[in-house]
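Here is the structure we will look at.
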Amino acid sequence: MDISMVFVWLGIGIVGLIIFLWFFPVTMWFQALISGVKISLIQLVLMRWRRVPPGTIVMAMITGTKAGLKLNANELEAHYLAKGNVPKVVNALISADKANIALDFKMAAAIDLAGRDVFEAVQMSVNPKVINTPPVSAVAKDGIQLIAKARVTVRTNIKQLVGGAGEETVLARVGEGIVSSIGSAESHKQVLENPDSISKVVLNKGLDAGTAFEILSIDIADVDVGKNIGAVLQMDQANADKNIAQARAEERRAMAVAQEQEMKAKAQEARAKVIEAEAQVPMAMAEAFRNGNLGIMDYYKFKNIQADTDMRESIAKK
(Lines give C-alpha, C1' and ligand atoms only; values in the text may rest on other atoms or scores of the structure.)
Protein backbone atom coordinates (compact mmCIF):
# COMPACT_ATOMS: atom_id res chain seq x y z
CA MET A 1 0.00 0.00 0.00
CA ASP A 2 1.22 3.42 -0.92
CA ILE A 3 2.25 5.68 1.97
CA SER A 4 -0.03 8.45 0.67
CA MET A 5 -3.03 6.15 0.90
CA VAL A 6 -2.10 5.38 4.49
CA PHE A 7 -2.21 9.07 5.35
CA VAL A 8 -5.53 9.45 3.53
CA TRP A 9 -7.11 6.61 5.45
CA LEU A 10 -5.59 7.90 8.67
CA GLY A 11 -7.10 11.34 8.05
CA ILE A 12 -10.47 9.79 7.25
CA GLY A 13 -10.28 7.79 10.46
CA ILE A 14 -9.44 10.86 12.54
CA VAL A 15 -12.30 12.83 11.00
CA GLY A 16 -14.65 9.94 11.53
CA LEU A 17 -13.51 9.64 15.15
CA ILE A 18 -14.11 13.37 15.72
CA ILE A 19 -17.57 13.12 14.20
CA PHE A 20 -18.32 10.04 16.30
CA LEU A 21 -17.14 11.70 19.48
CA TRP A 22 -19.16 14.81 18.62
CA PHE A 23 -22.36 12.81 18.23
CA PHE A 24 -21.45 10.36 20.97
CA PRO A 25 -19.75 12.39 23.75
CA VAL A 26 -18.25 9.37 25.46
CA THR A 27 -15.76 11.48 27.41
CA MET A 28 -18.50 13.69 28.79
CA TRP A 29 -20.62 10.65 29.64
CA PHE A 30 -17.70 9.02 31.44
CA GLN A 31 -17.00 12.26 33.34
CA ALA A 32 -20.64 12.39 34.51
CA LEU A 33 -20.52 8.71 35.44
CA ILE A 34 -17.49 9.00 37.70
CA SER A 35 -19.02 12.17 39.26
CA GLY A 36 -22.11 10.31 40.38
CA VAL A 37 -24.46 11.80 37.78
CA LYS A 38 -26.76 9.26 36.16
CA ILE A 39 -27.26 10.21 32.52
CA SER A 40 -27.26 7.92 29.48
CA LEU A 41 -25.15 8.30 26.39
CA ILE A 42 -28.28 8.22 24.22
CA GLN A 43 -29.68 11.17 26.15
CA LEU A 44 -26.50 13.13 25.43
CA VAL A 45 -26.82 12.30 21.74
CA LEU A 46 -30.43 13.43 21.71
CA MET A 47 -29.35 16.71 23.30
CA ARG A 48 -27.15 17.27 20.26
CA TRP A 49 -30.14 16.76 17.98
CA ARG A 50 -32.24 19.15 20.07
CA ARG A 51 -29.45 21.75 19.83
CA VAL A 52 -28.79 21.69 23.55
CA PRO A 53 -25.08 21.74 24.50
CA PRO A 54 -24.54 18.59 26.57
CA GLY A 55 -21.54 20.16 28.29
CA THR A 56 -23.70 22.84 29.88
CA ILE A 57 -26.23 20.33 31.22
CA VAL A 58 -23.62 17.83 32.39
CA MET A 59 -21.49 20.44 34.18
CA ALA A 60 -24.58 21.91 35.85
CA MET A 61 -25.64 18.46 37.06
CA ILE A 62 -22.13 17.65 38.29
CA THR A 63 -21.93 20.96 40.18
CA GLY A 64 -25.36 20.48 41.75
CA THR A 65 -24.73 16.83 42.65
CA LYS A 66 -21.44 17.65 44.33
CA ALA A 67 -23.26 20.35 46.32
CA GLY A 68 -25.89 17.87 47.49
CA LEU A 69 -28.72 18.85 45.15
CA LYS A 70 -30.95 16.49 43.21
CA LEU A 71 -31.33 17.81 39.69
CA ASN A 72 -33.22 16.45 36.73
CA ALA A 73 -31.55 16.56 33.32
CA ASN A 74 -34.89 16.96 31.54
CA GLU A 75 -35.77 20.02 33.66
CA LEU A 76 -32.38 21.60 32.98
CA GLU A 77 -32.73 20.90 29.26
CA ALA A 78 -36.24 22.37 29.20
CA HIS A 79 -35.02 25.48 30.99
CA TYR A 80 -32.21 25.90 28.46
CA LEU A 81 -34.65 25.55 25.56
CA ALA A 82 -36.80 28.26 27.18
CA LYS A 83 -33.82 30.66 26.87
CA GLY A 84 -32.93 30.31 30.55
CA ASN A 85 -29.51 30.55 32.16
CA VAL A 86 -28.89 27.06 33.49
CA PRO A 87 -25.53 27.65 35.27
CA LYS A 88 -26.85 30.72 37.07
CA VAL A 89 -29.98 28.88 38.24
CA VAL A 90 -27.88 25.98 39.59
CA ASN A 91 -25.51 28.37 41.36
CA ALA A 92 -28.50 30.15 42.90
CA LEU A 93 -29.92 26.84 44.14
CA ILE A 94 -26.57 25.95 45.71
CA SER A 95 -26.30 29.35 47.43
CA ALA A 96 -29.87 29.15 48.70
CA ASP A 97 -29.33 25.62 50.01
CA LYS A 98 -26.17 26.65 51.88
CA ALA A 99 -27.96 29.68 53.36
CA ASN A 100 -31.05 27.65 54.39
CA ILE A 101 -33.30 29.62 52.05
CA ALA A 102 -36.35 27.80 50.72
CA LEU A 103 -35.87 27.81 46.94
CA ASP A 104 -36.72 24.97 44.57
CA PHE A 105 -35.86 24.56 40.90
CA LYS A 106 -39.28 25.67 39.60
CA MET A 107 -39.17 28.92 41.55
CA ALA A 108 -35.57 29.62 40.51
CA ALA A 109 -36.38 28.88 36.87
CA ALA A 110 -39.44 31.14 36.99
CA ILE A 111 -37.38 33.97 38.47
CA ASP A 112 -34.71 33.52 35.80
CA LEU A 113 -37.23 33.45 32.94
CA ALA A 114 -38.91 36.58 34.37
CA GLY A 115 -35.73 38.51 33.59
CA ARG A 116 -34.42 38.71 37.16
CA ASP A 117 -30.92 37.71 38.19
CA VAL A 118 -31.78 34.81 40.48
CA PHE A 119 -28.20 34.32 41.70
CA GLU A 120 -27.91 38.02 42.62
CA ALA A 121 -31.31 37.84 44.31
CA VAL A 122 -30.15 34.97 46.52
CA GLN A 123 -26.95 36.82 47.35
CA MET A 124 -28.93 39.93 48.25
CA SER A 125 -31.15 37.85 50.47
CA VAL A 126 -28.04 36.70 52.36
CA ASN A 127 -26.19 40.04 52.20
CA PRO A 128 -28.70 42.95 52.33
CA LYS A 129 -28.21 45.80 49.92
CA VAL A 130 -28.10 49.52 50.79
CA ILE A 131 -29.99 51.85 48.42
CA ASN A 132 -29.28 55.59 48.56
CA THR A 133 -32.32 57.74 47.87
CA PRO A 134 -32.02 60.95 45.85
CA PRO A 135 -32.49 64.26 47.73
CA VAL A 136 -36.11 64.58 48.85
CA SER A 137 -37.52 68.09 49.39
CA ALA A 138 -40.39 68.69 51.81
CA VAL A 139 -41.85 71.66 53.71
CA ALA A 140 -42.74 71.66 57.40
CA LYS A 141 -45.79 73.46 58.74
CA ASP A 142 -43.73 76.55 59.63
CA GLY A 143 -42.92 77.02 55.93
CA ILE A 144 -39.24 75.98 56.04
CA GLN A 145 -38.03 73.63 53.33
CA LEU A 146 -35.93 70.60 54.31
CA ILE A 147 -33.89 68.43 51.95
CA ALA A 148 -33.36 64.90 53.27
CA LYS A 149 -31.30 61.94 52.05
CA ALA A 150 -31.86 58.40 53.29
CA ARG A 151 -30.19 55.01 53.10
CA VAL A 152 -32.61 52.10 52.71
CA THR A 153 -31.34 48.63 53.64
CA VAL A 154 -33.26 45.91 51.79
CA ARG A 155 -33.00 42.22 51.14
CA THR A 156 -34.64 40.12 48.49
CA ASN A 157 -38.06 38.65 49.12
CA ILE A 158 -37.78 35.42 47.11
CA LYS A 159 -41.53 34.73 47.19
CA GLN A 160 -42.35 38.17 45.74
CA LEU A 161 -39.52 38.26 43.22
CA VAL A 162 -41.78 37.17 40.36
CA GLY A 163 -44.29 39.95 39.74
CA GLY A 164 -43.02 42.16 42.57
CA ALA A 165 -42.08 45.82 42.12
CA GLY A 166 -38.43 46.84 41.85
CA GLU A 167 -36.08 49.34 43.48
CA GLU A 168 -37.74 52.33 41.79
CA THR A 169 -41.01 51.62 43.58
CA VAL A 170 -39.25 51.27 46.93
CA LEU A 171 -37.43 54.58 46.44
CA ALA A 172 -40.64 56.33 45.38
CA ARG A 173 -42.52 55.07 48.43
CA VAL A 174 -39.71 56.02 50.80
CA GLY A 175 -39.59 59.51 49.26
CA GLU A 176 -43.34 59.85 49.67
CA GLY A 177 -43.07 58.77 53.32
CA ILE A 178 -40.32 61.31 54.00
CA VAL A 179 -42.38 64.13 52.46
CA SER A 180 -45.42 63.12 54.52
CA SER A 181 -43.41 62.88 57.75
CA ILE A 182 -41.71 66.27 57.31
CA GLY A 183 -44.96 67.90 56.18
CA SER A 184 -46.75 66.79 59.35
CA ALA A 185 -44.06 68.29 61.62
CA GLU A 186 -45.07 71.54 63.36
CA SER A 187 -41.59 73.01 62.99
CA HIS A 188 -38.50 72.19 60.99
CA LYS A 189 -36.52 72.33 64.23
CA GLN A 190 -38.30 69.20 65.44
CA VAL A 191 -37.09 67.32 62.37
CA LEU A 192 -33.53 68.61 62.76
CA GLU A 193 -33.48 67.62 66.43
CA ASN A 194 -34.92 64.12 65.87
CA PRO A 195 -34.26 62.93 62.29
CA ASP A 196 -34.83 59.34 63.43
CA SER A 197 -38.50 60.19 63.87
CA ILE A 198 -38.78 60.26 60.07
CA SER A 199 -37.28 56.77 59.86
CA LYS A 200 -39.70 55.37 62.42
CA VAL A 201 -42.76 56.87 60.75
CA VAL A 202 -41.73 55.74 57.27
CA LEU A 203 -40.69 52.27 58.39
CA ASN A 204 -44.03 51.65 60.12
CA LYS A 205 -45.99 52.29 56.91
CA GLY A 206 -45.15 48.92 55.35
CA LEU A 207 -43.69 50.39 52.18
CA ASP A 208 -42.34 47.04 50.98
CA ALA A 209 -45.79 45.56 50.39
CA GLY A 210 -46.09 44.15 46.87
CA THR A 211 -42.38 44.64 46.12
CA ALA A 212 -39.58 42.15 45.55
CA PHE A 213 -37.73 43.44 48.61
CA GLU A 214 -38.06 43.49 52.36
CA ILE A 215 -37.08 46.79 53.99
CA LEU A 216 -34.87 46.16 57.00
CA SER A 217 -34.09 49.74 58.01
CA ILE A 218 -34.36 53.33 56.82
CA ASP A 219 -31.62 55.65 58.03
CA ILE A 220 -31.66 59.42 57.46
CA ALA A 221 -28.16 60.22 56.20
CA ASP A 222 -28.44 64.00 55.87
CA VAL A 223 -30.96 66.80 56.41
CA ASP A 224 -30.31 70.27 54.95
CA VAL A 225 -32.34 73.46 55.40
CA GLY A 226 -33.59 74.91 52.15
CA LYS A 227 -35.68 77.99 51.38
CA ASN A 228 -38.28 79.69 53.53
CA ILE A 229 -41.16 78.65 51.35
CA GLY A 230 -43.73 80.33 53.62
CA ALA A 231 -42.03 83.71 53.27
CA VAL A 232 -41.67 83.25 49.52
CA LEU A 233 -45.38 82.49 49.22
CA GLN A 234 -46.25 85.54 51.31
CA MET A 235 -44.04 87.74 49.13
CA ASP A 236 -45.64 86.32 46.00
CA GLN A 237 -49.09 86.98 47.46
CA ALA A 238 -48.08 90.53 48.40
CA ASN A 239 -46.77 91.15 44.87
CA ALA A 240 -49.99 89.77 43.42
CA ASP A 241 -52.09 92.03 45.69
CA LYS A 242 -49.92 95.01 44.72
CA ASN A 243 -50.37 94.28 41.03
CA ILE A 244 -54.12 93.99 41.51
CA ALA A 245 -54.21 97.32 43.40
CA GLN A 246 -52.13 98.98 40.68
CA ALA A 247 -54.44 97.66 38.01
CA ARG A 248 -57.49 98.96 39.86
CA ALA A 249 -55.82 102.36 40.43
CA GLU A 250 -54.95 102.54 36.74
CA GLU A 251 -58.55 101.73 35.91
CA ARG A 252 -59.80 104.53 38.18
CA ARG A 253 -57.26 106.98 36.69
CA ALA A 254 -58.37 106.09 33.18
CA MET A 255 -62.01 106.67 34.18
CA ALA A 256 -61.10 110.02 35.73
CA VAL A 257 -59.22 111.05 32.58
CA ALA A 258 -62.20 110.04 30.47
CA GLN A 259 -64.56 112.04 32.67
CA GLU A 260 -62.22 115.04 32.51
CA GLN A 261 -62.13 114.86 28.72
CA GLU A 262 -65.90 114.63 28.68
CA MET A 263 -66.21 117.69 30.93
CA LYS A 264 -63.77 119.62 28.73
CA ALA A 265 -65.82 118.72 25.69
CA LYS A 266 -68.97 119.91 27.39
CA ALA A 267 -67.24 123.16 28.47
CA GLN A 268 -66.06 123.81 24.93
CA GLU A 269 -69.56 123.20 23.67
CA ALA A 270 -70.92 125.67 26.25
CA ARG A 271 -68.31 128.30 25.28
CA ALA A 272 -69.24 127.84 21.66
CA LYS A 273 -72.86 128.47 22.52
CA VAL A 274 -71.87 131.56 24.55
CA ILE A 275 -69.82 132.91 21.66
CA GLU A 276 -72.72 132.28 19.34
CA ALA A 277 -75.05 134.07 21.75
CA GLU A 278 -72.59 136.99 22.11
CA ALA A 279 -72.45 137.29 18.34
CA GLN A 280 -76.21 137.79 18.30
CA VAL A 281 -76.09 140.59 20.96
CA PRO A 282 -75.13 143.45 18.53
CA MET A 283 -77.86 142.33 16.18
CA ALA A 284 -80.39 142.30 19.00
CA MET A 285 -79.24 145.76 20.17
CA ALA A 286 -79.58 147.14 16.64
CA GLU A 287 -83.04 145.67 16.41
CA ALA A 288 -83.88 147.27 19.80
CA PHE A 289 -82.63 150.69 18.56
CA ARG A 290 -84.79 150.46 15.50
CA ASN A 291 -87.85 149.51 17.47
CA GLY A 292 -87.22 152.17 20.13
CA ASN A 293 -86.81 149.66 22.93
CA LEU A 294 -83.24 150.77 23.74
CA GLY A 295 -82.08 154.35 24.22
CA ILE A 296 -78.64 155.96 24.09
CA MET A 297 -78.31 156.10 27.88
CA ASP A 298 -79.16 152.46 28.17
CA TYR A 299 -76.47 151.65 25.66
CA TYR A 300 -73.84 153.65 27.63
CA LYS A 301 -74.81 151.94 30.87
CA PHE A 302 -74.38 148.60 29.12
CA LYS A 303 -70.90 149.55 27.87
CA ASN A 304 -69.89 150.76 31.37
CA ILE A 305 -71.00 147.44 32.86
CA GLN A 306 -69.10 145.53 30.20
CA ALA A 307 -65.91 147.56 30.78
CA ASP A 308 -66.20 147.02 34.53
CA THR A 309 -66.58 143.28 33.96
CA ASP A 310 -63.51 143.18 31.70
CA MET A 311 -61.45 145.03 34.31
CA ARG A 312 -62.49 142.62 37.05
CA GLU A 313 -61.59 139.60 34.86
CA SER A 314 -58.16 141.07 34.04
CA ILE A 315 -57.49 141.70 37.76
CA ALA A 316 -58.62 138.15 38.63
CA LYS A 317 -56.29 136.67 36.02
CA LYS A 318 -53.32 138.56 37.46
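The values are calculated or read from the model by the stated rules, or taken from the named source; none is laboratory data. On a predicted model such as this, the values are computed, not experimentally measured, just so you know. Ideal geometry is used to build each Cβ from the backbone, glycine not excepted, and the neighbour counts take in all protein chains shown. Areas reflect the complete protein model, heavy atoms only, side chains present, ligands, DNA and RNA absent. Shrake-Rupley method; radii C 1.70, N 1.55, O 1.52, S 1.80 Å.
Starting from the stretch 204-230, take each residue that is farther than 19 Å from GLY166 by Cβ and open to solvent by 40 Å² or more (accessible area, probe 1.4 Å) and list its partners that are among the basic types (Lys, Arg) and in a strand (DSSP E or B), counting only C-beta distances under 6 angstrom and pairs at least six apart or across chains.
ASP219/ARG151; ALA221/LYS149; ALA221/ARG151; ASP222/LYS149
Among (1) surrounded by fewer than 16 Cβ atoms within 10 Å (Cβ to Cβ); (2) at pLDDT 85 or above; (3) in a loop (DSSP other than H, G, I, E, B), there is one condition GLY36 misses while meeting the rest; what is its number?
That leaves (2) as the condition not met.
For the stretch 39-65, which positions are open to solvent by less than 30 Å² (accessible area, probe 1.4 Å) and not in a helix (DSSP H, G or I)?
ILE39, VAL52
Which ones in the stretch 143-157 are surrounded by 18 or more Cβ atoms within 10 Å (Cβ to Cβ) and either aliphatic (A, V, I, L, M) or without any contact (Cβ under 8 Å) to a residue 40 or more places away in the chain (or both)?
Result: ILE144, LEU146, ALA148, ALA150, VAL152, VAL154.
Of the residues in the stretch 116-136, how many are at pLDDT below 85, of a type in the set (S, T, N, Q) and open to solvent by 60 Å² or more (accessible area, probe 1.4 Å)?
Number of matching residues: 2.
For a quick check of your reading of the model, give me the residue pairs whose first member lies in the stretch 119-142 and is closer than 19 Å to THR153 by Cβ, whose second is of a type in the set (Phe, Trp, Tyr) and crowded, with 16+ Cβ neighbours inside 10 Å, with beta-carbon atoms closer than 9 Å and at least 6 apart or on different chains.
Filtered contacts from the stretch 119-142: MET124/PHE213; LYS129/PHE213; ILE131/PHE213.
Restrict the check to the stretch 161-179 and report whether at least one residue is among the polar types (S, T, N, Q) and part of a helix (DSSP H, G or I).
yes
Can you tell which of LEU93, LEU113, LEU76 is open to solvent by 70 Å² or more (accessible area, probe 1.4 Å) and within 22 Å of PRO53 (Cα to Cα)?
The match here is LEU113.
Table: residues versus (1) buried (at least 18 other Cβ atoms within 10 Å of the Cβ); (2) of a type in the set (Ser, Thr, Tyr).
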| site | (1), (2) |
| --- | --- |
| LYS159 | no, no |
| VAL170 | yes, no |
| ALA185 | yes, no |
| LYS189 | no, no |
| SER199 | yes, yes |
| VAL202 | yes, no |
| ASP241 | no, no |
| ARG252 | no, no |
| ALA258 | no, no |
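So ALA245 fits all but one of (1) at pLDDT below 80; (2) loosely packed, with under 12 Cβ neighbours inside 10 Å; (3) aliphatic (A, V, I, L, M); what number is the exception?
(1) is the only condition that ALA245 fails.
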